[in-house]
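The values are calculated or read from the model by the stated rules, or taken from the named source; none is laboratory data. Remember, predicted model here, so these are calculated numbers, not experimental data. In this analysis, Cβ positions are derived from the backbone assuming ideal geometry, glycine residues included, and neighbour counts consider all displayed protein chains.
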Amino acid sequence: MAKSKRKTLADDLHARGLRKRVARTLAGAIGSGSHTRTPDLVTRVAGDLNRLARELEDRATGRPAKRRAAARKGAETRARRAKARSNAAKKGARKRTTASARGRRS
């Protein structure tokens, strides 16, 4: 990566809120790494920033996104199982009515 591109990237990162030193280090790491694999430093910092963004969202909304996802999954599971129980009960009721109808005919 050319020096001007590296400086532009560092300036953009700094403008978005990263500290200047961190922005320069990241821009340098991205420019110096091979094109086939993301440098470990970049991967680690990107993960940290993602976790920070989730934490900010959780605090802003007042509830954790992870917990909200778990609650949604639980609700979907309960609904699916209730539907299965209902279908099984309906099937049993149909069998009982047809069996009792056959019993009355003979």
Positions within the stretch 35-68 being of a type in the set (Ser, Thr, Tyr), closer than 27 Å to residue 24 by Cα and part of a helix (DSSP H, G or I), in sequence order: 43
Failed criterion for residue 4 (all others in (1) loosely packed, with under 10 Cβ neighbours inside 10 Å; (2) under 27 Å from the mean Cα position of the chain (by Cα) hold): (2)
The stretch 1-19 residues that are in the same structural domain as residue 38 (by TED's automatic domain parsing) and at pLDDT 85 or above, paired with ones that are of a type in the set (D, E, K, R) and surrounded by fewer than 16 Cβ atoms within 10 Å (Cβ to Cβ) (beta carbon under 6 Å, 6 or more apart): 14/20
